[in-house]
Amino acid sequence: MQEDDRPGLSVRLDAVTKIYNVAGDELPAIRGITLSIARGEALALVGSSGSGKSTLLHLSGLLDRPTTGAVYYENRRVDSLSPSERATLRNRSVGFVFQNFQLIPRTTAIENVEMPLLYRGIPPRERREKARELLLSVGMGDRERHYSSQLSGGQQQRVAIARALVASPGLLLADEPTGNLDSRSAVSVLELLMKAQERTRMTLVLVTHDAEVATVASRTIRVRDGLLEQS
Amino acid sequence: MFLVSLGLKALLRNPYRSILTSLGIVIGVLSVIVLVSIGLGAKALVLQSIQNLGPNLLVVIPGSVTDSGAQVGGGTDTTLTVEDAQAIRHDCPDVWNASGALRTAAQVQSAHANWSTVILGAEPNYLPVRDWHLARGGFFGNEEEASAARVAVLGHLVASRLFGLEDPLGKFIQINHSPFRIIGILSSKGQSPMGMNQDDMVVIPLSTLQSQIMGVTYVGVILAAAQSPDRVDDARREIRDLLTLRHHIPAGGRPDFDIQALSDIAKTANRLSLILTLLLALIASISLIVGGIGILNIMLVSVRERTREIGIRMAIGARPIDILIQFLTESAALSFFGGIAGGILGILSILALRSFLGWPAPIPWEGTLLTVTGATILGVLFGLYPAWRASRLDPMEALRYE
C-alpha cells in the first residue's frame, strides 16, 4: 500500500537478457538491455513485431523473469522474488493493459474491474464502490452488468483500463493497447490512458509498433533485434 | 473466503457438467450407504434369531466318544443324566433354571395324517428355560414326568400338519404305535440359527421318551439359563466345576462334556456380519473412487480450458496459492454436494427397501456422515493435482494460451 501515495514507480532494467528455449533451439528475444524509467515518466517502446519490445514490457511487469540481468523497482531488486511475492507486487504496483484486452470470459464488466481488489482482500462493498467509480471514469458506468462478449473492442479495452487502474498502481504497462481497435476507438483509448497518467502521475510504458501512437509519450525508445536503438 | 465463492461460481456457470461430474460421487455414496444398511439389516436378523433362543442360554453337551483312540464327533457320548440337570438346577447359584433334553426322530400319526418329525423328551421346566410359551393348553408337570405319562405337546407346524383346522387338544396321536394324549400347542418360534425349524417337533416327558421309546437313561443335552446375560460366564464356570466333580474328572483331565453359550454364537455371528458389512462397503467404495477419478478428469480439462483465465488472474495479482484454493474449492464442492445428494438418495432408498421388502435395514447415520466426509476428502485429494498444475502455470505462457 505504501506505493499508493507515490506519484509513480521508477523501474530499472540492468543488463537483462531473455533467451527462449523453443524445441531445443535457443532464441534470444532480449540480447542485453539496460534501461532506466523515471517516476511519472511516459515512455513509448517502439519496434517491429518480434523486436523484443513486448518481452521487455513483460520483464518490467514481473510477468516473466530475465535469463540474466536484474530488474529493480525503486532500487529494490524484484526479479529474484518468489512467484508469490511477484504476484503480490504486481497486484499492488503494476497495472496491465493488453492488446487483446484479456477480460475474463463469462464475467461481468464490474467483476473484471473488481478483481485486483479481490486479491488484495478488500471487503466486497468497498470493492464494488471503487470498481463502479473506475467504470464511470472510463465512460462505462452504464455497462457494468454486461459480459465481455457483449461489449465492443473499444468498450472491452476501456473496462481493461479501469481494471488496470483500480488498484492505483505506480506503474501502468500497456502492450499495443490500440492494436485491435478501429482508429476512432484507438484515439479515445489512448486519450483515456494519457489522461489517467496525467492525473495520477504514475509511470507509463506504452508498447506500440505505430510511430504516431508513440508521439503521446514524452520519450520514445526503439527496440530492434533485442537491443535498444537510442534516438 | 472470496476464493471459495469464485470456485462455486465457476461450478454454477456450467451446471450440467457439474451435475454429471458429481454423479459418480452420488452413486458411490449411495451404494456405500445402502449396502452398509443391508449388511446391518442382515446382522439384525441373525441377532434376532439368536435372541429367539434366549441370550442367557448355556448348552451342556456330552463329550466325544473315544473309540479305539479315534474321536467320534462331540455330543455323541452318553455321560449326561437327569441327575446332572437336577444338580445344576440346585447347586449353581448363577443358574436360574435348567432342563435335560433328549431327542429322536419318529413317525407320528393322527387319525387322518402321518408326519415324520422330531420327538423331544424334556423336563417340565423346559419352556421357561427356553423362554418359550404355549399357544394353547398346558404343559406336563412333575407328576407326568415321574409317572412317564403318555402326554404330548405339539409344535406349531406339527399341529397343523396332523390336524389341519381341527382342534388337537384332548385328541390322541400315535408315536411308535403308542397313543399319546395332546395337552398343549407351542407358540411359533421359527428357525433356530442352525437352520432347524423349531416348530416341527413334538415334546413329551423326558422319562417317557427314555423308558418307553428309546430305552436309555442318559440325556442328550442339558439346557441351563443363567440368571442374566452378564452372569452367563459365572454360570458356565459353576456348571463346569460341578460336572467335573460329579463325573470324577481328575484335575487336568479331559472333561467328558462341553459347555457352549449362545452368546458365543452371537459373538461369532456378529463378527461375521461385521465382516460382511465391511466387505460390502469396500466394494461400494470402489465406485466412490471411480467417481473421484471422474472429478480429476474434469478438473484437468477445466484447468486446460481456463488457462488464459488463470494467466489473467496471475497477471493482476493472484498468487499461486490463490489459484490452488480456487480450483480445490471446485473439486471439493463437487464431491461435497455430490456426497450430500448421494446421502439423501441413499436414505430414501433404505426407506423404500424397508417399506417394500420389509428388510430390517437401519439408517446408518454415522456411516452416512462418514461416507459424505470421506467423499469430500476424496474430492479434495483428486482435485489436488489439477489445482496444483493450475497454480504452477507460468503467467506469461498462460496469457498467450489459445
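Please verify whether region B:296-305 includes one or more residues that are without any contact (Cβ under 8 Å) to a residue 24 or more places away in the chain and within 14 Å of chain A (Cβ to nearest Cβ).
yes
Looking for whichever is among the small types (Gly, Ala, Ser) and closer than 27 Å to B:LEU243 by Cα here; the options are B:ALA135, B:ALA113, B:ALA148. Which one fits? Spell out the reasoning first.
Details: B:ALA135 fails: closer than 27 Å to B:LEU243 by Cα; B:ALA113 fails: closer than 27 Å to B:LEU243 by Cα.
None of the others qualify; the one that does is B:ALA148.
Surrounded by fewer than 24 Cβ atoms within 10 Å (Cβ to Cβ), within 14 Å of another protein chain (Cβ to nearest Cβ) and either over 26 Å from A:GLY40 (Cα atoms) or in contact (Cβ under 8 Å) with a residue 12 or more places away in the chain (or both): does that describe A:GLU126? Outline the logic, then answer.
Values: surrounded by fewer than 24 Cβ atoms within 10 Å (Cβ to Cβ): yes; within 14 Å of another protein chain (Cβ to nearest Cβ): yes; either over 26 Å from A:GLY40 (Cα atoms) or in contact (Cβ under 8 Å) with a residue 12 or more places away in the chain (or both): yes.
Yes; evaluated as a whole, the condition is true for this residue.
For region B:235-274, enumerate the residues that are surrounded by fewer than 17 Cβ atoms within 10 Å (Cβ to Cβ) and among the β-branched types (Val, Ile, Thr).
Within region B:235-274, B:THR244, B:ILE249, B:THR268 qualify.
Is region B:275-292 home to any residue that is surrounded by fewer than 21 Cβ atoms within 10 Å (Cβ to Cβ), closer than 30 Å to A:ARG163 by Cβ and away from chain A (no Cβ under 14 Å)?
No - not one qualifying residue is present in region B:275-292.
Could you tell me whether region A:71-91 includes any residue that is charged (D, E, K, R), assigned to a loop (DSSP other than H, G, I, E, B) and closer than 30 Å to A:GLN155 by Cβ?
no
Could you grab the pairs with beta carbons closer than 9 Å, sequence gap of 6+ or different chains, first residue in region B:98-114 and without any contact (Cβ under 8 Å) to a residue 40 or more places away in the chain and under 16 Å from B:VAL216 (Cα atoms), second one in a strand (DSSP E or B) and of a type in the set (Gly, Ala, Ser)?
Pairs found: B:ALA105/B:SER116.
Enumerate the pairs (first residue in region B:249-263 and touching a residue at least 12 places away in the same chain (Cβ under 8 Å) and closer than 22 Å to B:ILE50 by Cβ; second residue anywhere and assigned to a loop (DSSP other than H, G, I, E, B) and among the small types (Gly, Ala, Ser)) with beta-carbon separation below 9 Å, excluding pairs fewer than 6 apart on the same chain, so at least 6 apart or on different chains.
Pairs that qualify, where the first residue is touching a residue at least 12 places away in the same chain (Cβ under 8 Å) and closer than 22 Å to B:ILE50 by Cβ and the partner is assigned to a loop (DSSP other than H, G, I, E, B) and among the small types (Gly, Ala, Ser), are B:ASP258/B:GLY63; B:ASP258/B:SER64; B:ASP258/B:GLY74; B:ASP258/B:GLY75; B:LEU262/B:GLY54.
Could you tell me whether any residue of region A:132-155 is within 13 Å of chain B (Cβ to nearest Cβ), part of a helix (DSSP H, G or I), crowded, with 24+ Cβ neighbours inside 10 Å and without any contact (Cβ under 8 Å) to a residue 60 or more places away in the chain?
No, because not a single residue in region A:132-155 is within 13 Å of chain B (Cβ to nearest Cβ), part of a helix (DSSP H, G or I), crowded, with 24+ Cβ neighbours inside 10 Å and without any contact (Cβ under 8 Å) to a residue 60 or more places away in the chain.
Residues are listed down the side, and each one gets a yes or a no for (1) exposed (fewer than 14 other Cβ atoms within 10 Å of the Cβ); (2) among the acidic types (Asp, Glu); (3) facing another protein chain (nearest Cβ under 9 Å):
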position	(1), (2), (3)
A:ALA15	yes, no, no
A:ALA23	yes, no, no
A:GLU26	yes, yes, no
A:SER51	no, no, no
A:LEU59	no, no, no
A:ASP64	no, yes, yes
A:TYR73	no, no, no
A:LEU118	no, no, yes
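Would you point out the residue of region B:1-19, among those that are within 10 Å of chain A (Cβ to nearest Cβ) and part of a helix (DSSP H, G or I), that is surrounded by the most Cβ atoms within 10 Å (Cβ to Cβ)?
B:LEU6
Check region B:204-219 and report whether any residue there is surrounded by 21 or more Cβ atoms within 10 Å (Cβ to Cβ) and part of a loop (DSSP other than H, G, I, E, B). Working first, answer last.
Step one: filter region B:204-219 for residues surrounded by 21 or more Cβ atoms within 10 Å (Cβ to Cβ), giving B:204-206, B:208-209, B:219.
The next check asks that each one be part of a loop (DSSP other than H, G, I, E, B); those that pass are B:219.
Yes, the conditions are met somewhere in region B:204-219.
As an exercise: evaluate B:ARG246 against (1) over 30 Å from B:LEU334 (Cα atoms); (2) within 14 Å of chain A (Cβ to nearest Cβ) and give the number of the one condition it does not meet.
Only one criterion is unmet by B:ARG246, namely (2).
Just one of the numbered conditions (1) touching a residue at least 24 places away in the same chain (Cβ under 8 Å); (2) assigned to a helix (DSSP H, G or I) is not true of A:LYS195; which one?
If we test A:LYS195 against (1) touching a residue at least 24 places away in the same chain (Cβ under 8 Å); (2) assigned to a helix (DSSP H, G or I), just (1) comes out false.
Are any residues in region A:199-231 of a type in the set (A, V, I, L, M, F, W, C) and either more than 16 Å from the chain's Cα centre (by Cα) or not in a strand (DSSP E or B) (or both), and if so, which ones?
Hits for region A:199-231 are A:MET202, A:ALA211, A:VAL213, A:ALA214, A:VAL216, A:ALA217, A:ILE221, A:VAL223, A:LEU227, A:LEU228.
Quick one: in region A:88-104, of everything that is more than 7 Å from every other protein chain (Cβ to nearest Cβ) and touching a Lys or Arg at 6+ places or on another chain (Cβ under 9 Å), which residue is surrounded by the most Cβ atoms within 10 Å (Cβ to Cβ)?
Step one: filter region A:88-104 for residues more than 7 Å from every other protein chain (Cβ to nearest Cβ), giving A:89, A:92-95, A:97-101, A:103.
Now narrow it down to the ones that are touching a Lys or Arg at 6+ places or on another chain (Cβ under 9 Å): A:92, A:95, A:97, A:103.
Working: A:ARG92: 19, A:GLY95: 28, A:VAL97: 25, A:LEU103: 24.
Looking at residues that are more than 7 Å from every other protein chain (Cβ to nearest Cβ) and touching a Lys or Arg at 6+ places or on another chain (Cβ under 9 Å), I get A:GLY95.
Sort through A:THR208, A:THR178, A:THR203 and tell me the only one that's of a type in the set (S, T, N, Q), crowded, with 23+ Cβ neighbours inside 10 Å and farther than 13 Å from A:PHE98 by Cα.
A:THR203
Is there a residue being away from chain A (no Cβ under 14 Å), under 28 Å from B:ALA224 (Cβ atoms) and modelled with pLDDT under 80 anywhere in region B:78-91?
yes
Confirm whether B:SER349 is among the small types (Gly, Ala, Ser) and within 14 Å of chain A (Cβ to nearest Cβ).
No; evaluated as a whole, the condition is false for this residue.
Of all residues in region B:365-392, which are of a type in the set (D, E, K, R) and either closer than 21 Å to B:LEU280 by Cβ or buried (at least 23 other Cβ atoms within 10 Å of the Cβ) (or both)? Talk me through it step by step, then tell me what you get.
Restricting attention to region B:365-392, the residues satisfying the condition of being of a type in the set (D, E, K, R) are B:366, B:389, B:392.
B:GLU366 - this is the single residue of region B:365-392 that is of a type in the set (D, E, K, R) and either closer than 21 Å to B:LEU280 by Cβ or buried (at least 23 other Cβ atoms within 10 Å of the Cβ) (or both).
Might you let me know whether region A:30-44 holds any residue that is assigned to a loop (DSSP other than H, G, I, E, B) and either in contact with a helix residue (DSSP H, G or I) (Cβ under 7 Å, 6 or more places away or on another chain) or at pLDDT below 90 (or both)?
As a first pass, look at region A:30-44 and keep what is assigned to a loop (DSSP other than H, G, I, E, B): A:38-41.
Narrowing further to those that are either in contact with a helix residue (DSSP H, G or I) (Cβ under 7 Å, 6 or more places away or on another chain) or at pLDDT below 90 (or both): none.
No, because not a single residue in region A:30-44 is assigned to a loop (DSSP other than H, G, I, E, B) and either in contact with a helix residue (DSSP H, G or I) (Cβ under 7 Å, 6 or more places away or on another chain) or at pLDDT below 90 (or both).
The values are calculated or read from the model by the stated rules, or taken from the named source; none is laboratory data. Note that the structure is a prediction, hence the values are computed from the model and not measured. Glycine gets a Cβ as well: all are built from the backbone with ideal geometry, and neighbour counts include every protein chain shown.
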